[in-house]
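S.K.: Mind looking over this structure? Questions follow.
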Amino acid sequence: MRCGTLLDPATRTAKRDVTVYLADGVVVEKAPAGARVLDLSAYACLPGLIDAHTHLLLQGDPTEVEYDEQVLKESTPYRALRAVAAARIALDHGFTTVRDMGTEGAGFTDVDLKKAFEKGIVEGPRVFTSGPAMSVTGGYPLLGYSWERKMPDGVLKCDGADDCRKAVRWQVQNGVDWIKVYADRSYDRTPDGGWASIANFTPAELAAIVDEAHRLRRKVAAHSMTPTGHRAALAAGVDTLEHGDVLDDETVKEMAARKVPYCPTITALDSVRGPRSRTNPIWNEIWAAAETSFRKALAAGVPITFGTDAGGFAWDERSEADELGFMVAWGMTPWDAIRSATTTAARLLGEEGKLGCLTPGCKADLIAVSGDPTKDVKALSAVRAVVVRGVLVRGPR
């Protein structure tokens, strides 16, 4: 691949007129025999982007109405077909890897999607799976229906430390890469201006989940919006904090010291705050707090990883690359934003030196864009070519 400019996020450098060689799904030092030439000399090339928080099996849930309709009215096969279309949109936006953070009532369909993409049955990004995320009885939709009806669950529920250990084992048995937990719910303000929420798990339950996951060589991602959830999640030893819209000083200090990644998902919050605030104004306050939290974490050196929560907004509603614009507007340099979706995200996934890079030995995931994203990250919204697993899936032939 002949690149007009090659961007290296690891070194924050841009080199002109560079040729990248691919063979057998990896970057190599020399052109293989019989190599085909792909001319990308009009574009800037960089590693394929990583979205570390998505929901392929969800197609937008600004309110509980949209969520309930998908879980109640759509079959799992139909949702899987919609997920394939969502995955294609992710590829077209330049995201060659996604970490899927919960199938929302669709079981382990994300594991099946991962297999289908890897085998080339259909085109799709690399997928790191988490199956059904975990919560407690009464802690997650579907809620509010007649007690006489047995309703489906959007998550895998567990109660008590032993039951939660068993739930982790069940997840691992079915092939998940990550364990996703919901640390808190029901967000509100306190009379003194602070924040309140309900911690979903007891300390013993959450500690059992993290301990069992780590024993089985899996990491744990925690949905956590307020300090109540942050304290519970960090005390249990989770590996990443998702959303983190209200970060207090104590949380930021601990995350910075322990280098716990923070995945802010600003795009989804921007998408849902309007519809949700019509019935609960707390979402406007959460939005106002989110920028302050982001800037505080950035200043303290907390590892900030790119994640959009795509699926929380409809996949065809907006580009995942919108997140980069928010990150820069909230204080990141363009290079830092690019690194959040490449090298930083690769480190979170345990794929440092394999993903988010284009040096020999890295996996052959590459995108080409118009313009210079190191000057204006909006250039990453103009993807012209996408290569995943060494296969050109979009762009000049």
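S.K.: Which FRET efficiency value, to the nearest 0.05, is calculated for Leu72 and Ala33 with the Förster distance at 56 angstrom and r the Cβ-Cβ distance?
M.R.: Efficiency, from the Cβ-Cβ distance: 0.50.
S.K.: Using only the alpha-carbon atoms, how far is helix 64-73 inclined from the longest principal axis of the chain? Give it as 0 to 90 degrees, nearest 10.
M.R.: 80 degrees
S.K.: A follow-up question, please. So what J values fall out for segment 379-388 if you push phi through Karplus, 6.51 cos²θ - 1.76 cosθ + 1.60 with θ = phi - 60°, rounded to Hz, Gly and Pro as x?
M.R.: Per-residue couplings from phi come out as 4, 6, 8, 10, 6, 9, 8, 9, 10, 9 Hz.
S.K.: Follow-up. Where the centroid of each part is defined by its Cα atoms, how far is segment 15-55 from segment 298-336 in Å?
M.R.: Going from one Cα centre to the other spans 24 Å.
S.K.: Tell me the Kirkwood radius of the chain: reciprocal of the mean inverse pair distance over distinct alpha-carbon atoms, in Å.
M.R.: That comes to 21.3 Å for the chain.
S.K.: Turning to a different aspect of this structure: So who's got an amide H within less than 5 Å of the one on Ala364, skipping anything under 5 residues away but keeping other chains? H placed 1.01 Å off N, in plane.
M.R.: Val26, Val27, Arg389, Gly390
S.K.: State which stretch of the chain is the longest one without any exposed GluC sites (Glu not before Pro), exposure meaning a DSSP loop state and at most 14 other Cβ atoms within 10 Å.
M.R.: Within the chain, the longest run free of exposed GluC sites (Glu not before Pro) spans 149-316.
S.K.: Find the relative contact order for the chain and round it to a whole percent, using C-alpha pairs within less than 8 Å whose residues are 6+ positions apart.
M.R.: Value for the chain: 21 percent.
S.K.: Given H placed on each backbone N at 1.01 Å, which residues far from Tyr43 in sequence or on other chains put an amide H within less than 5 Å of it?
M.R.: The answer is Gly4, Thr5.
S.K.: Given the Cα-Cα distance of Ile282 and Val391 and 0.36 nm per residue of separation, how much length would full extension add, in nm?
M.R.: In short, 34.7 nm is gained.
S.K.: Report the Rg/Rh value for segment 205-250, based on alpha-carbon coordinates and the Kirkwood definition of Rh.
M.R.: Rg/Rh for segment 205-250 comes to 0.99.
S.K.: Which residue fluctuates most in the GNM of the chain (Cα springs below 10 Å): Val210, Val127, Val328?
M.R.: Greatest mean-square fluctuation among the candidates belongs to Val328.
S.K.: Between Ser146 and Val65, 0.36 nm times their residue separation minus their Cα-Cα distance comes to what?
M.R.: This chain segment gains 27.5 nm when fully extended.
S.K.: Are there any trypsin sites (Lys or Arg not before Pro) in segment 228-288 that are in a DSSP loop and have at most 13 other Cβ atoms within 10 Å? List them by number.
M.R.: Passing sites in segment 228-288 are Lys259, Arg278.
S.K.: What is the set of long-range amide H partners of Leu22 at a cut-off below 5 Å, with H atoms built 1.01 Å from backbone N?
M.R.: Val28
S.K.: Could you tell me whether segment 40-120 comes out rounded, prolate or oblate from its Cα gyration tensor? Rule is a ≥ b ≥ c as square roots of the eigenvalues, rounded for a/c under 1.5, then prolate if a/b exceeds b/c, otherwise oblate.
M.R.: prolate
S.K.: Among the lysines, which fall within straight-line cross-link reach of Lys375, defined as a Cα-Cα distance under 18 Å, with same-chain neighbours fewer than 8 residues apart omitted?
M.R.: Output for Lys375: Lys15.
S.K.: So, R0 is 56 Å and r is the distance between the beta-carbons of Lys115 and Asp192; what FRET efficiency does that work out to, to 0.05?
M.R.: 0.65
S.K.: Quick one: dipole size for the chain, taken about the Cα centre, charges +1 on Lys/Arg Cβ and -1 on Asp/Glu Cβ, in debye to the nearest 20.
M.R.: 1260 debye
S.K.: With point charges of +1 on the Cβ of Lys and Arg and -1 on the Cβ of Asp and Glu, referenced to the Cα centre of segment 317-397, which listed residue (Pro396, Cys362, Leu380) lies farthest in the positive direction of the dipole?
M.R.: The residue sitting farthest along the positive end of the dipole is Pro396.
S.K.: Could you give me D for segment 290-397, from Stokes-Einstein at 20 °C and 1.002 mPa s, where the hydrodynamic radius is the Kirkwood radius over C-alpha pairs? Units µm² s⁻¹, please.
M.R.: Rounded to a whole number, D works out at 143 µm²/s.
S.K.: Could you tell me how many degrees, from 0 to 90 and to the nearest 10, lie between the Cα long axis of helix 109-119 and the main elongation axis, the longest principal axis, of the Cα atoms of the chain?
M.R.: Helix 109-119 sits roughly 10 degrees off the main axis of the chain.
S.K.: Roughly speaking, what is the centre-to-centre gap between segment 99-123 and segment 154-223 when only Cα atoms are used, to the nearest Å?
M.R.: Centre-to-centre distance over Cα atoms comes out at 22 Å.
S.K.: A follow-up question, please. Are any of the pairs Lys157/Lys219; Lys114/Lys378; Lys30/Lys114; Lys180/Lys378; Lys219/Lys354; Lys259/Lys378 more than 23 Å apart by Cα-Cα distance, and if so, which?
M.R.: Table pairs above 23 Å Cα-Cα are Lys114/Lys378; Lys30/Lys114; Lys180/Lys378; Lys259/Lys378.
S.K.: When the chain is modelled as a GNM with alpha-carbon springs shorter than 10 Å, which of Lys15, Lys378, Lys150 fluctuates the most?
M.R.: Maximum fluctuation in the GNM of the chain, among the listed residues, is at Lys150.
S.K.: Run the Debye formula on the Cα coordinates of segment 248-345, all scatterers equal and no solvent, and tell me log10 I(q)/I(0) at q = 0.18, 0.24, 0.25 1/Å.
M.R.: Computed log10 I(q)/I(0) values: -0.86, -1.30, -1.35.
S.K.: Return one number: the angle in degrees, 0 to 90 and rounded to the nearest 10, between the long axis of the Cα atoms of helix 227-236 and the longest principal axis of the Cα atoms of the chain.
M.R.: For helix 227-236, the angle is close to 80 degrees.
S.K.: Still on this structure, I have one more. Among Val302, Ala314, Thr342, whose Cα sits farthest toward the positive end of the charge dipole of segment 273-397 (+1 at Cβ of Lys/Arg, -1 at Cβ of Asp/Glu, about the Cα centre)?
M.R.: Looking along the dipole axis, the top candidate is Thr342.
Only the coordinates and a few stated rules stand behind these numbers; no lab work does. Small disclaimer: the values here were computed from a predicted structure and weren't measured. Here the Cβ is made from the backbone with ideal geometry for all residues, glycine too, and neighbour counts use every protein chain on show.
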